[in-house]
Amino acid sequence: MIRELVIKTRSHRRFHQEVPIERETLQELVDLGRLSASAANRQPLKYILSCDPGQNESIFPCLSWASYLKDWPGPAEGERPSAYIVVLGDTRIHPTFSCDHGIAAQSIMLGATEKGLGGCILGAVDRVKLRQTLNIPRHYDILLVLALGKPNETVTLETVGPDGDIKFWRSKDDVHHVPKRALDDIIVG
Ligand SMILES: Cc1cc2nc3c(=O)[nH]c(=O)nc-3n(C[C@H](O)[C@H](O)[C@H](O)COP(=O)(O)O)c2cc1C
């Protein structure tokens, strides 16, 4: 079960934009983040939820998509995410956030998959612009943006070839290929 869920939880970047995601669904996903491990159990993460098309439109230009796909500028209108979760670190609780946001993000993405949704963790964020756009107070660090929607693309895993190239790529049939290192290559002792 967990292996299937992890395999299915790929980064999706093209969606059925017309399929809405309710705020309640986002709350349920953030609850999975809330229940996840946290360094010293400090729980410094806070979240902004967006499922309103107007607000989504204002978040989209703050994001950078799939840097390896040089000829693809990111999802076109009609295939953009239906919702976003902005993951913040509350510096009033602690100045640093360890890997809390990575763990919470994965919990949320696994939960999204279970709900028939998909998405992408985005770290390439224009934080100055996003802070202005959403009027985010200075005591929150902007850590990640999670884009969510009903996926509208096929993503497949393959093993990294002998050339060691880890760049994801798209084939002519529009399938997105993600090379993963072989198990033997990552267990070093
Ligand atoms: C911390 C983190 C930051 C990421 N930032 C971006 C990003 O800014 N833009 C993007 O398109 N994908 C981003 N990704 C998605 C990765 O590109 C993706 O995980 C990788 O290509 C492997 O694909 P997979 O998630 O399907 O295994 C990010 C992933 C992680 C974990």
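Quick one: if you stick a label point 7 Å off each Cα along the C-beta vector at Asp31 and Ala76, how many nm between them?
For Asp31 paired with Ala76, the spin-label model returns 3.9 nm.
Put a dot 7 Å past each Cα toward the Cβ at His177 and Asn135; how far apart are the dots in nm?
The two pseudo-label positions are separated by 4.8 nm.
Can you give me the % of accessible surface on the chain that is carbon or sulfur? Probe 1.4 Å, all protein chains present, nothing else counted.
52
Could you give the semi-axes, largest first, of the ellipsoid that matches segment 56-141, computed as the square roots of 5 times the alpha carbon gyration tensor eigenvalues and rounded to whole Å?
23, 18, 13
Using the crude model of +1 on Lys and Arg Cβ and -1 on Asp and Glu Cβ, and no other charge, please compute the dipole size for the chain relative to its Cα centre, in debye to 20.
480
Which whole number in µm²/s is D for segment 1-61 by Stokes-Einstein, with the Kirkwood Rh taken over Cα pairs at 4 °C and 1.567 mPa s?
90
Just the accessible area per residue of segment 123-189, please: how many Å² with a 1.4 Å probe?
Accessible area per residue: 64 Å².
Need the C-alpha centroid separation for segment 99-114 versus segment 41-59, integer Å.
Here the two parts' Cα centres lie 14 Å apart.
Using r as the Cβ-Cβ distance of Trp169 and His94, and R0 as 41 Å, what FRET efficiency do you calculate, to the nearest 0.05?
0.55
So, for segment 1-86, what is the accessible surface per residue at a probe of 1.4 Å, expressed in square angstrom?
The answer is 58 Å² per residue.
Give me the orientation-averaged projected area of the Cα convex hull of the chain, in nm², one decimal.
12.5
Can you give the calculated 222 nm mean residue ellipticity of the chain, where each DSSP H run of n ≥ 4 adds -39,500 (n - 2.57) and the sum is split over every residue, rounded to the nearest 500 deg cm²/dmol?
When only DSSP H runs of four or more count, the value is -8000 deg cm²/dmol.
Between Ile187 and Gln106, how high is the FRET efficiency from 1/(1 + (r/R0)^6) when r is the Cβ-Cβ distance and R₀ = 25 Å? Nearest 0.05.
Result of the calculation: an efficiency of 0.75.
What residue among Ile121, Ile93, Val178 has its Cα farthest toward the positive end of the dipole of segment 60-189, where the charges are +1 on Lys, Arg and -1 on Asp, Glu, each on the Cβ?
Ile93
The values are calculated or read from the model by the stated rules, or taken from the named source; none is laboratory data. This one's a predicted model, so the numbers in the text were calculated from it and none came from an experiment. With ideal geometry, Cβ positions are generated from the backbone for all residues, glycine too; neighbour counts draw on all protein chains shown. Please note that ligands, DNA and RNA were not included when accessible areas were found on the heavy atoms of the full protein model with its side chains. Shrake-Rupley method; radii C 1.70, N 1.55, O 1.52, S 1.80 Å.
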